[in-house]
Amino acid sequence: MTAPAVVVVGAINVDLVVAAARLPGPGETVVGGGVQRHGGGKGANAAVAAARAGADVRLVGAVGADDTGAAALAELRADGVDTSGVAVLSGVPTGVALIVVDDHGENQIAVGAGANAAVTAEHVRDALRAVLPRAGCVLVSTEIGAAAVAAAVESASAAGVRCVLNPAPVVPVVAQLLAHGPVLTPNATECRHLAALVDADSPPEGIAPRGARALVARTGAPVAVTLGGDGAVVLGPGEDPHHVPPLTATVRDTTGAGDTFNGVLAAGLAAGDDIRTAVRAGTVAASLSVAHVGARTGMPRAAAIAAALPVG
Ligand code: RIB
């Protein structure tokens, strides 16, 4: 690849998925039909979403030197993702997510981080150094270690490359990175938690969740908050919140919908779209993605996103 437009820094997992009538409560066992194995991890999922949306994508992260890691990399390459920034580490297993999906498409996820927790700041800095001059957007998510997250955001900022920071999950290092001006993409809960973490809050503004305005003030950049079945809202400095409605969707599995949003958003920004246009494409893609079980199964390609975008 000579011109990667989107660089994704984040986790790579294999997802073991059980579809059951409902999610188990604490101490409870539910029995589903069987176990499905899917590619997962918020970084890898977003990389696939961006690639299917038409971007050149390089992924930076780590897998273990095991069969699971080899299969994960082969699957990513088959989806057109450049995995040359993925370290293959001995002595740690590839990340695994245990997922239960219920009849309404809701999920419950527990992640064994494995190699994702071993991604170093040095690895991220080295991997980014080679590609940042050609990158249009760096997308970072927080299922990897804090030092690696910080290295990614700081490197993008130093190179003047737009950075999208998906604080999923919200971890303390995110608060220290706001001054670098990333585009934040929390969901409504993460938005509240993040605002509380930086000791800032603001009342809900119409559809904008509590804390969104305060985060914009900290970053000086747009914040796009995903609202699940209600679409997304985006606001930038000095702007009124702008609501982006979802498509009417058949919901079988919401796993990876946020990753789809982030990958397609990053692809749009890298291609030169303005933030509202990129949020619209991300929201439409996320709506399409939930119709199938598996984080990546329903992720749409560029033509399907374009066909589903509302006219005007
Ligand atoms: O966002 C969905 C992802 O979260 C899953 O693919 C799972 O691997 C966890 O990382």
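For Gly105, the conditions (1) surrounded by fewer than 16 Cβ atoms within 10 Å (Cβ to Cβ); (2) at positive phi all hold with the exception of (1).
From the set of residues in the range 222-271 that are acidic (Asp, Glu) and buried (at least 19 other Cβ atoms within 10 Å of the Cβ), which is farthest from the ligand (Cβ to nearest atom)? Taking the candidates together, the pick is Asp253. Quick one: would you say Ala53 is away from the ligand (no atom under 15 Å from the Cβ) and surrounded by 19 or more Cβ atoms within 10 Å (Cβ to Cβ)? When the stated conditions are applied, Ala53 passes them.
Checked against the criterion of being surrounded by fewer than 22 Cβ atoms within 10 Å (Cβ to Cβ), under 17 Å from the mean Cα position of the chain (by Cα) and among the small types (Gly, Ala, Ser), the range 79-86 has no qualifying residue.
Residue-by-condition table, conditions (1) surrounded by 23 or more Cβ atoms within 10 Å (Cβ to Cβ); (2) part of a loop (DSSP other than H, G, I, E, B); (3) without any contact (Cβ under 8 Å) to a residue 24 or more places away in the chain:
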| position | (1), (2), (3) |
| --- | --- |
| Leu98 | no, no, no |
| Ala117 | no, no, no |
| Leu128 | yes, no, no |
| Pro133 | no, no, no |
| Val149 | yes, no, no |
| Ala156 | yes, no, no |
| Ala175 | no, no, yes |
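Just one of the listed residues (Gly85, Gly95) is away from the ligand (no atom under 16 Å from the Cβ), closer than 18 Å to Ala46 by Cα, among the small types (Gly, Ala, Ser) and at pLDDT 95 or above, namely Gly85. Do we find a residue being among the polar types (S, T, N, Q), at pLDDT 95 or above and touching a strand residue (DSSP E or B) at 6+ places or on another chain (Cβ under 7 Å) anywhere in the range 220-237? Yes, because at least one residue in the range 220-237 is among the polar types (S, T, N, Q), at pLDDT 95 or above and touching a strand residue (DSSP E or B) at 6+ places or on another chain (Cβ under 7 Å). When every residue of the range 18-36 is checked against the conditions, none turns out to be in contact (Cβ under 8 Å) with a residue 12 or more places away in the chain, near the ligand (Cβ under 10 Å from one of its atoms) and not acidic (Asp, Glu).
For the range 1-21, the set of residues classified as over 23 Å from the mean Cα position of the chain (by Cα) and exposed (fewer than 14 other Cβ atoms within 10 Å of the Cβ) consists of Thr2, Ala21, listed by residue number.
For the range 204-213, the count of residues that are aliphatic (A, V, I, L, M), over 24 Å from Leu288 (Cα atoms) and part of a helix (DSSP H, G or I) is nonzero.
The values are calculated or read from the model by the stated rules, or taken from the named source; none is laboratory data. Being a predicted model, the structure only gives us computed values, none of them experimental. When we count neighbours, we look across all protein chains shown, and the Cβ atoms used for this are built from the backbone with ideal geometry, even at glycine.
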